[in-house]
Amino acid sequence: MCTPMPLLDVRNLKKYFPLKRGLFGGPASLVKAVDDVSLSIEKGETLGLVGESGCGKTTVGRTIARLYDPSGGTIRYDGTDITHMTQRELVPLRRKIQMIFQDPFSSLDPRMTTGDIVGEAIDIHGLAKGRERAERIRAVLASVGLSDWHANRYPHEFSGGQRQRIGIARALVVEPSFIVCDEPISALDVSIQAQIVNMLEDFQEKFGLTYLFIAHDLSMVKHISTRIGVMYLGSLVELAGSDELYGNPLHPYTQSLLSAIPIPDPIEAAASRRIMLEGEVPSPIDTPPWCKFVSRCPQARSICGENPPEFREVASGHFAACHFI
Amino acid sequence: MRSHGKIEPELFRRADMAEAADRETRPNVTYWQDVRRRLFENKTALAALFAIVLIVLCAVVIPMVKPDYYSNHFEVSNQWPNASYWFGTDNLGRDIFTRIWFGARYSLIIAFAASFINLVIGTLYGGISGYAGGILDSVMMRLVDIIYSIPMTLYVILFMVFLGPGLHSIIFALSVSYWLPMARIVRGEILQLKQQEFIMASRALGASDSRILFRHLMPNCLGQIIVTMTLSIPWAIFTEAFLSFIGLGIPVPRASWGTLASESISYMRIAPYQLIFPASAICLTMLAFNVLGDGLRDALDPKMR
Amino acid sequence: MNMRKVPEHEEDARKIQLLEISHLKTSFFTHLGEVKAVDDVSISLGESETLGIVGESGSGKSVTMLSVMRLLADNGRIVSGGIHFRGKDLAKLSEGEMEHLRGKQIGMIFQDPMTSLNPVFTIGNQLTEMIARHLGLGKKDARDRAVEMLSTVMIPSPAQRMRQFPYELSGGMRQRVMTAMALCCHPDILIADEPTTALDVTIQAQIIDLLKDLKSRIGTSVILITHDLGVVAGLCDKVCVMYAGQVVESGSSADIFYTPRHPYTKGLLKSVPNPKKIMKERLVPIRGTPPDLLKPPLGCAFAPRCDHTMKICILRRPPLFEVGEGHGASCFLNHPDLPASA
């Protein structure tokens, strides 16, 4: 590790959502959306977080950005414990930690112009007024490749890729140092995805940004990330440098996930062997205390149904949670 | 292979596409301009809007031109509609045409005022309940359920008996009871909008609760609020007419449409027109507001986009 | 390099095409004007062939197939062109004849299986009803056939699934049920419109395998509509690339992936990272955005985003140039008169 203190340090993060069971439903059961996740992100790197829907990757992102209150664990940003800060205390921190959202259609207020959407952050933090405000909006829109006249337009007049640019501009205008990118490209067309990914890379280089990049498209994550974490049912099952993870996946879930990536090459696709997983992801309600992957694991043995595997460092910088590694 | 025709080599030169890259192609259309277009494309709704404007204009202008609605002229009592009394006269010889438009003033003032008050209470109540969520939301909504469980007309009547007949008491009685549907609809909308990512985004930027509620949530509910309000006006007109009909309305000699209808009941056999005109006024106005409300709903519905 | 393998059935396919779409134009009429969603598209499909139609949103890939099924929205209309299914022009059939054909001879599965299933009936109910109606079977036989179909699409314990409602099934299971429903009458063509887009990667892999398996077992012709080149590469014999309502390139899977001749196809291939590569390369995106179909460009629709735009591209719309056996690309770069310098 090059720096002594990571920019973001998450220890044993938990986020449980109570599930109501009607009026007299007895004790509410818990959806363990995030269950004991520990990770750290160095300044200037991109940590990719992948997993299937319902694995809790979005919840991790939103909890780190303190849009949700954590149910347990600690989140330290730049040395400061932000786990239990109130919304009011968080306001100055909001300039440092920003988010880019998945859905370019629901992430922009349909009743506001582009200029006002981007300008909202300026107003909230009192960064600029009048002409200076307009100039700042113009500059940030230009930096994401939008023109002056776009500022007076409403979101519905833009294409998906342009909307996502507006979302990026909104996050950038407060000059943050850490951005949670919550599936920023999965709703976009292929030819546009590359535009957005390149833009994010450019900004990272220019402003020294740090990203948490959440996605389910494994090939894009591989491309953009320095390190990658794989999540399954609320827990991290493997975490390693991106080339290491793709070249030498250790956890059976990672292996099957990687083998499931469709390859845009007919010969390679025909040659590749898939590790098919049986069934589907089980419900995250009241998950068992043992290995969560046991119901689908092709290598499961009796110990897997008894003890939870420890998430440990199996090689330098390569973490995994499986009994047989 | 097909022949593709000869092309001069000149045309194979590189073209500069840079100037074509960024142009305004479509006109700048705001949401409300779009709504207006959709509303105006709906001919029935447009006719209803026109009818409402006409009724309101008549209610404003005609009483100014013919201010006498109260003095008795027994020599012309119970006249059928004719050239000098377009809608005929009542048993006291008063011109029904004049009285209808005076009545329109009362009916419309009551309807608009009650709807406006129910808009304010309902929106705030529903907005706060929906946005706060949790226990506060449950308590507030159970309260609405309890009030809902008593038939509205019943306690409008109770209020009227308690407060005594009069313009203010009718408006008061209507507005304290009619905000319930508005509160429920606004709450439902807010609950749905709250999950949208743009609310998350705003919170991630550090926006305060009141900013999120009034800058983001409320403007996005506006469409539903307008529709609900438009549709609540005919109900207010009807309830007012009903109250007046059973004698709890505007005191004589002033009269709303309901009072006019009520007075004419005794003469129905000999002078049915005395009932027909106020009754049609009530029906037409209610119809117009309902049609307009439906048209607005279609025009505002983002799913139609 | 030319990796093209000539399929054994190609010669037959030349003679009678199962489905022949010729010069199809479909438009939507909005208050802003005519949106030319499909603009002069010709596609053919032979017996037991798998055709992938690749394109981005708004490229007209779904509208083309909805035109075939005659399931267009109210403001959409087939303006001109022919859709010949076994020689019958579908564009001219009555609604009644079309209803008979849908499901029985051409089955379709959609991206969102939840909205395509009726939430208030059980899976069994819906399957049995459909089989009984199309195949004229009795209640009992239809039920047996339904159970058989569910096991064909590898649904575990099919008899129990028959009693379940759509909401009780996961996304992948629902997509299997939809596939069973589309296949239960042995259709000649199965149209799959983004069947895996709403699914997770591991489930997507299951469905792709299922389609591959069904193709070889049942021999149905499949038209797969997708934006994902990876899905196409694993599944399709022939590929059509669509852009702005037009077919820009078509050919065998190998033609498209290894010797693309249209800049858009090349751009698409370059903008997806290959996870097998260890060295990190910068992605090459296609700049700009697709054209507004209300005012499509006069010439080539891709010209404003293309890196090789020539004067001719702005003036004239490129026809489909035949660049190889069964491989066509509509780009003037393939014109025989093209000077070597350009």
* Taking the stretch C:306-342, which residues are β-branched (V, I, T) and more than 7 Å from chain B (Cβ to nearest Cβ)? -> C:V323
* Asked: If you take the residues of the stretch C:246-297 that are among the β-branched types (V, I, T) and either more than 8 Å from chain A (Cβ to nearest Cβ) or outside any loop (DSSP other than H, G, I, E, B) (or both), which of them is surrounded by the fewest Cβ atoms within 10 Å (Cβ to Cβ)?
  -> C:T259
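Keeping to the stretch B:1-26, report how many residues are under 18 Å from C:T289 (Cα atoms) and at pLDDT 65 or above.
Within the stretch B:1-26, residues that are under 18 Å from C:T289 (Cα atoms) and at pLDDT 65 or above number 1.
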* **Residue among B:S232, B:S266, B:S262 that alone is assigned to a helix (DSSP H, G or I), at pLDDT below 85 and either within 14 Å of the chain's Cα centre (by Cα) or within 23 Å of B:L158 (Cα to Cα) (or both)** => B:S262
* Can you pull out the residues in the stretch B:287-301 that are assigned to a helix (DSSP H, G or I), over 10 Å from the mean Cα position of the chain (by Cα) and surrounded by fewer than 20 Cβ atoms within 10 Å (Cβ to Cβ)? -> B:L287, B:D294, B:R297, B:D298
* Residue check, B:L243 modelled with pLDDT under 85, within 14 Å of another protein chain (Cβ to nearest Cβ) and buried (at least 17 other Cβ atoms within 10 Å of the Cβ) -> no
* Has the stretch A:43-50 got at least one residue that is of a type in the set (K, R) and either within 30 Å of A:Q255 (Cβ to Cβ) or within 13 Å of chain B (Cβ to nearest Cβ) (or both)? -> no
* Asked: Among the residues of the stretch B:197-211, which ones are touching a helix residue (DSSP H, G or I) at 6+ places or on another chain (Cβ under 6 Å), closer than 19 Å to A:R111 by Cα and either more than 10 Å from every other protein chain (Cβ to nearest Cβ) or not in a helix (DSSP H, G or I) (or both)?
  -> B:L205, B:A207
* Just give me the residues in the stretch A:198-250 being among the acidic types (D, E) and either in a helix (DSSP H, G or I) or within 11 Å of chain C (Cβ to nearest Cβ) (or both), in sequence order. => A:E201, A:D202, A:E205, A:D217, A:D243, A:E244
* **From the options A:S147, A:S71, residue that is within 11 Å of chain B (Cβ to nearest Cβ) and either polar (S, T, N, Q) or closer than 25 Å to A:F213 by Cβ (or both)** => A:S147
* C:L169 vs. criteria in contact (Cβ under 8 Å) with a residue 40 or more places away in the chain, of a type in the set (A, V, I, L, M, F, W, C) and out of contact with any Leu (no Cβ under 7 Å at 6 or more places or on another chain) -> yes
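Please go through the stretch B:38-49 and pick out each residue that is in contact (Cβ under 8 Å) with a residue 40 or more places away in the chain, more than 14 Å from chain A (Cβ to nearest Cβ) and not aliphatic (A, V, I, L, M).
B:N42, B:T44 - these are the residues of the stretch B:38-49 that are in contact (Cβ under 8 Å) with a residue 40 or more places away in the chain, more than 14 Å from chain A (Cβ to nearest Cβ) and not aliphatic (A, V, I, L, M).
Pull up the stretch A:260-307, narrow it to residues that are outside any loop (DSSP other than H, G, I, E, B) and within 8 Å of chain C (Cβ to nearest Cβ), then point me to the one that is surrounded by the most Cβ atoms within 10 Å (Cβ to Cβ).
We begin by selecting, within the stretch A:260-307, every residue outside any loop (DSSP other than H, G, I, E, B); these are A:266-271, A:285, A:302-305.
Still in the list and also within 8 Å of chain C (Cβ to nearest Cβ): A:266-270.
Working: A:P266: 23, A:I267: 14, A:E268: 14, A:A269: 20, A:A270: 11.
Checked the stretch A:260-307; the qualifying residue surrounded by the most Cβ atoms within 10 Å (Cβ to Cβ) is A:P266.
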* To do: Out of A:R76, A:R66, A:R95, report the one residue that is crowded, with 20+ Cβ neighbours inside 10 Å and either within 12 Å of another protein chain (Cβ to nearest Cβ) or more than 22 Å from A:H125 (Cβ to Cβ) (or both).
  => A:R66
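With respect to C:D200, is the statement that it is surrounded by fewer than 20 Cβ atoms within 10 Å (Cβ to Cβ) and within 14 Å of another protein chain (Cβ to nearest Cβ) true?
No.
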* Considering each of A:A151, A:A121 in turn, give the residue that is part of a helix (DSSP H, G or I) and in contact with a Ser or Thr (Cβ under 7 Å, 6 or more places away or on another chain). => A:A151
* Those residues of the stretch A:98-117 which are under 20 Å from the mean Cα position of the chain (by Cα), within 8 Å of another protein chain (Cβ to nearest Cβ) and either under 22 Å from A:T210 (Cα atoms) or in contact (Cβ under 8 Å) with a residue 40 or more places away in the chain (or both), in sequence order -> A:Q98, A:M99, A:F101, A:Q102, A:D103, A:S107, A:L108
* Of all helices (runs of 4 or more DSSP H) completely enclosed by the stretch C:71-187, which ones contain at least 1 residues that are modelled with pLDDT under 90 and crowded, with 21+ Cβ neighbours inside 10 Å? -> C:113-116, C:123-135, C:139-152, C:158-161, C:171-183
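The values are calculated or read from the model by the stated rules, or taken from the named source; none is laboratory data. None of these values were measured; they are calculated from a predicted model. Glycine gets a Cβ as well: all are built from the backbone with ideal geometry, and neighbour counts include every protein chain shown.
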